[in-house]
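*Asks:* Quick one: the structure is below, and I'll ask about it shortly.
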Amino acid sequence: MRILANYNPAMPGTDLKITSHLSIPESELVERFVRASGAGGQNINKVSTAVELRFDIAQSPALPDAVRARLLAKRDRRLTDQGVFVIDAQRFRTQDRNRQDARERLAAFIATGLSVPKSRIATKPTRASKIRRLEGKRARSDIKRGRSGGSSWD
């Protein structure tokens, strides 16, 4: 993939809306248009249709602290060590559609960090489940003990 010096930190448009109460300002998104890899004929060498969208999760004032912490804790290969989320979009043939696709994918990723994970409540196994487990262990033990006897085929 060849990279062109075609940075565009703030393209005219609207903010990226995640929910009704959370949106990412256009100024926090950095888009770079590069030449897409793969098949495409003569067009592939002339037009920069692929989009590389960068969003700095670690430094974004638009994200609440709890959401930022959950997103940075995710193990995602698109997240750099510095906390920058990078999306490469080149599924479509047009730059506008790839740009829209990258924004949709960023919005979906941020939306996953909005839900608070349910905390696990520690429970004790019931008496019946303990008895079932021990009976199963006894049965398996008997089966294995039955295998070890010397066989007399004579």
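The values are calculated or read from the model by the stated rules, or taken from the named source; none is laboratory data. Fair warning: this is a prediction, and the values are worked out from it, not measured in the lab. Neighbour counts are summed over all protein chains in view; Cβ atoms, including those assigned to glycine, are modelled from backbone coordinates with ideal geometry. Remember, those area values only see protein heavy atoms, side chains included, never the ligands or the DNA or RNA. Shrake-Rupley method; radii C 1.70, N 1.55, O 1.52, S 1.80 Å.
*Asks:* How many percent of the accessible area of the range 80-119 is carbon or sulfur, using a 1.4 Å probe? Let's see the in-between values first.
*Replies:* Numbers: 1220 of 2440 Å².
The computed percentage sits at 50.
*Asks:* Run down the lysines and flag those whose C-alpha is under 26 Å from the C-alpha of Lys118, throwing out any fewer than 8 positions away in its chain.
*Replies:* Reachable lysines: Lys17, Lys74.
*Asks:* Continuing with the same structure: First measure r as the distance between the Cβ atoms of Val116 and Gln82, then evaluate 1/(1 + (r/R0)^6) with R0 = 25 Å and state the FRET efficiency to the nearest 0.05.
*Replies:* Plugging the Cβ-Cβ distance into 1/(1 + (r/R0)^6) gives 0.45.
*Asks:* Compute the distance in nm between two label points, each set 7 Å from the Cα along the Cα-to-Cβ direction, one at Val30 and one at Val47.
*Replies:* 2.7 nm
*Asks:* With a 1.4 Å probe and all protein chains in place, put Glu135, Glu28, Glu52 in order of accessible area, largest first.
*Replies:* The ranking, largest first, comes out as Glu135, Glu28, Glu52.
*Asks:* Output the peptides 17-23, 122-128, 66-72 sorted from most to least packed, where packing is the average of other Cβ atoms within 10 Å over each peptide's residues.
*Replies:* Highest to lowest by the protection proxy: 66-72, 17-23, 122-128.
*Asks:* Under the 0.36 nm per residue contour assumption, what length would be gained going from the current alpha-carbon distance of Ser141 and His21 to full extension?
*Replies:* Working it through step by step, the gained length comes to 37.3 nm.
*Asks:* Same structure again: Keeping every protein chain present and rolling a 1.4 Å probe, give me the accessible area per residue for the range 92-154 in Å².
*Replies:* Accessible area per residue: 87 Å².
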